[in-house]
Every structure is written in C-alpha cells, then in structure tokens.
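What follows is a set of notes on a single structure, which appears directly below.
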Amino acid sequence: MAKETFDRSKPHVNIGAHYVDIHDTAGSLTIAGSGSTTEGNPPESVLLTFAAPASSSLESAAVAYPFFDNEFEFDPTAKGLVESLDFQLDVLPSVIDGPGQIHVTLALYQDEFFVARGAGESISPGSSWVPIDGSGLLASDFTPVGGGPGRPDFSQPFQFGYALSADYAIDGLDAEVYVDNMTVEVTFVPEPSSLVLALVLGVSLLWYRLRPRTTHECVG
C-alpha cells in the first residue's frame, strides 16, 4: 500500500506565538511558543508555555499549533486520497505545576483546527523525552479543537500540526513543554487499478490451487 512520510524533525520552523483556537471557558489561559537551541532530542526544539490562574470551576483548554510550512502541507488532489495517518513526536514536559495533565496529539488545519482526540498521550512532569504516537487515524478520529461535530475532509488539502489540551481548576496550571521530531506518515487509498490487479491475482491463485490435476503413472 502506497505511503508518504513528512518529516520535519529538523530544522524547526519558527512558530512564534502562532497558536490558535484556545478553548478556555474562563478566558484566563495564556500560552506562547518559541524556539529553543539548548533543549532537544537532539537540540533544537520548540518550547510551549502555559499559564492559567486558579478557577472556581473546572476549565478546559485546547490549543493547536500550525507549522506555517508548505513542506508540512498535504494536497490529496495532487497526490491521492488519504486512507489514514500515522504520527510521532517527542515531548519533554519539564514543568507541569498543578494537579492536571496535558494531553499531546496530532492536529490538522483545514479552515479550522481538528485534533485526534483518541490518540496521543497524557504527560506528567519529568526530565526525560517521551515519545508520543498514533497510527491508523481516520477522518472520523478528528474533532474540532474547540469541540463540536465537524471533521476534516481527507479529499481536500490540509496541514499537519500538533495539539495540547488540559483540564484545570482551583490550583490552576503552569507548564513548559518541549516538542521535537515531528513526523507524519500518510497511507493512500489504493488506486482502482491496483484493486483490480489484486483481485485478478487472487482469482488466478485460487484457480491454480483448485484446478483439476492429472496423475501420470510411470511403468518401469
């Protein structure tokens, strides 16, 4: 089955403060992104910082980052229809101050941001890089970053990114998370000609196995 890999491990693009789609009911979350030359797996990497004050109610925040890099864009109209997506990236959760966890997953931008809710992993503070991955993701596995019933259209162009989400309440949330080595693999829908060829080969093999056989006896 045909595949294509998009690897933006190095160099990193400058994401600056280009975060989008903050979904925060209290409106109190601040977040920023910058490049880091001292941390990485190996260096360099991207540093994402969160700051949310205490709240009297449970708050939910989700942030998706674009790469703004045409080398991390995919156009199905030029390359073929997408069947599924695999992704992996490394994260270093150097600071997570608060009882909540931060969830990291794949994001897609297509007029709005969508996140793979059932993929990725929740991270806790630590001093080691953590691999995050997901495989076989379909369009139905993605939902809008701010919630809702929409989903991306895999037959139209989109851009890869990553999303971070968290829940927090009375203790607030402060976090510093480094991100590195982002890779996405696209699996294409098989061409009709490939399906026909596979069917023909399958039928031929079945006929070969089931064909009548003639036994010849040799007399010495």
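No lab work stands behind these numbers, since they all come straight from the coordinates. Values in this document were obtained by computation on a predicted structure and should not be read as measured data. In this analysis, Cβ positions are derived from the backbone assuming ideal geometry, glycine residues included, and neighbour counts consider all displayed protein chains.
Tabulated data
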| quantity | calculated |
| --- | --- |
| Proximal charge balance of Val104 [Cβ under 13 Å; K/R count +1, D/E count -1] | -3 |
| HN-Hα J in Hz across region 117-122 - Karplus 6.51, -1.76, 1.60, θ = phi - 60°, x for Gly and Pro | 5, x, 10, x, 7, 8 |
| FRET efficiency, Ala51 to Ala2 (Cβ-Cβ, R0 41 Å, nearest 0.05) | 0.40 |
| Local electrostatic count, Asp171, Cβ distance below 14 Å [Lys/Arg +1, Asp/Glu -1] | -4 |
| Cut-off 9 Å between beta-carbons: net charge of the residues surrounding Asp141, Lys and Arg +1, Asp and Glu -1 | +2 |
| Built amide H within the under 5 Å cut-off of Asp171, gap 5+ | Ser55 |
